[in-house]
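We did not get these values from a lab; they are worked out from the coordinates using the rules stated. Here the structure is a predicted model, which is why all the values come from computation and not from measurement. Counting neighbours? That spans all protein chains shown, and the Cβs are built from the backbone with ideal geometry, glycine included.
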Amino acid sequence: MDEPRLFLVRVWQHLSQFRAAVRGVDEAEPHLFDEPAQLSEYLRQASAAPSPPAEPGDATANAWQTPPR
């Protein structure tokens, strides 16, 4: 069973301004957000189950890390 991931989430909202900072307890730097949708997407992706490790020599092993051109 995987260890749980813990996050510290800080949200500031004043009038129409929104700011949020999310930091994993094992991370040094926070992720900053200016929109609620960005924060929710980050947390949605963080809650997704990680994909299993690729087999050595698998051509698609690092495909998700390659930025689109």
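Of note:
- Residue-count net charge about Gln13 - beta-carbon cut-off 12 Å; Lys, Arg +1, Asp, Glu -1: 0
- Using θ = phi - 60° in the Karplus curve 6.51 cos²θ - 1.76 cosθ + 1.60, the 3J(HN,Hα) couplings for region 2-10 round to 6, 6, x, 9, 10, 10, 9, 10, 10 Hz; x is entered for Gly and Pro.
- Taking θ as phi - 60° and the Karplus parameters 6.51, -1.76 and 1.60, the scalar couplings of region 16-26 work out to 9, 8, 10, 9, 8, 10, 10, 9, x, 4, 9 Hz in sequence order, x denoting glycine and proline.
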